[in-house]
Structures are given as structure tokens and as C-alpha cells.
Amino acid sequence: MIQELDTVVLTRDIPAERLRKGDLGAVVFVHQDGAAYEVEFVTLDGQTLALVALPADAVRAATGRELPHAREVA
């Protein structure tokens, strides 16, 4: 179960927020026992790119066997 402060992976693009499938975020609030999550996405220099409420199927828990990557945002 995903909990507050867990790292999650976005499972689909969110163009309105400049987010892409595979972006990593941190859960800052769990809604209704995991029905939705408030997730913060930050740049590598620590600036918040987006803080969004997402349904549970829009994110998944990150695992230790994944390799993160970087991309530039406009």
C-alpha cells in the first residue's frame, strides 16, 4: 500500500501539468485509504513542478529495481 512520503511513478501523461508517464513524485497526502493521492513532482534543483491530486490508478509504487532518468521541462 502506498503511504505518505513514498516515491511513486506516474502511469500516464498529465499534459496540463507537464508530467509524463514514468515521472517520479512523492506522496504528500493519502486520500480515502488510497483511493487517491496528492503527489508532488519536483525538478532536480528542488523546485516544485506540480502538486496534483491523482486517482490511485495514475500512480504506482516505485521499486528498488528501477532506474530513474532525467528529462528537461519547458
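Condition test on Glu38, is it at pLDDT 95 or above and over 11 Å from the mean Cα position of the chain (by Cα)? Here the answer is no, as Glu38 does not meet what is asked. Checked against (1) surrounded by fewer than 16 Cβ atoms within 10 Å (Cβ to Cβ); (2) within 12 Å of Val9 (Cβ to Cβ); (3) touching a Ser or Thr at 6+ places or on another chain (Cβ under 9 Å), Thr63 passes all but condition (3). For the stretch 55-64, filtered to residues that are of a type outside the set (Val, Ile, Thr) and assigned to a loop (DSSP other than H, G, I, E, B), the residue that is nearest to the chain's Cα centre (by Cα) is Ala62.
Every residue, every condition in (1) touching a helix residue (DSSP H, G or I) at 6+ places or on another chain (Cβ under 8 Å); (2) among the aliphatic types (A, V, I, L, M), yes or no:
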{"position": "Ile2", "(1), (2)": "yes, yes"}
{"position": "Ala16", "(1), (2)": "no, yes"}
{"position": "Pro55", "(1), (2)": "no, no"}
{"position": "Ala58", "(1), (2)": "no, yes"}
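For Asp45, the criteria (1) in contact (Cβ under 8 Å) with a residue 12 or more places away in the chain; (2) charged (D, E, K, R); (3) not in a strand (DSSP E or B) hold in every case but one, which is (1). Of all residues in the stretch 5-29, those that are touching a residue at least 12 places away in the same chain (Cβ under 8 Å) and within 22 Å of Ala74 (Cα to Cα) have Cβ atoms under 8 Å from Cβ atoms of residues that are polar (S, T, N, Q) and surrounded by 15 or more Cβ atoms within 10 Å (Cβ to Cβ), 6 or more apart or on another chain, in Leu24/Thr7; Gly25/Thr7; Ala26/Thr7.
Scanning the stretch 24-40 for residues that are of a type outside the set (Ser, Thr, Tyr) and either under 13 Å from Leu51 (Cβ atoms) or exposed (fewer than 13 other Cβ atoms within 10 Å of the Cβ) (or both) yields Gly25, Ala26, Val27, Val28, Phe29, Gln32, Asp33, Gly34, Ala35, Glu38, Val39, Glu40.
Just a yes or no: is a residue in the stretch 43-54 at pLDDT 95 or above, under 12 Å from the mean Cα position of the chain (by Cα), over 13 Å from Val8 (Cβ atoms) and surrounded by fewer than 11 Cβ atoms within 10 Å (Cβ to Cβ)? Within the stretch 43-54, one or more residues are at pLDDT 95 or above, under 12 Å from the mean Cα position of the chain (by Cα), over 13 Å from Val8 (Cβ atoms) and surrounded by fewer than 11 Cβ atoms within 10 Å (Cβ to Cβ).
The values are calculated or read from the model by the stated rules, or taken from the named source; none is laboratory data. Everything numeric here is computed off the predicted structure, so don't read it as measured data. With ideal geometry, Cβ positions are generated from the backbone for all residues, glycine too; neighbour counts draw on all protein chains shown.
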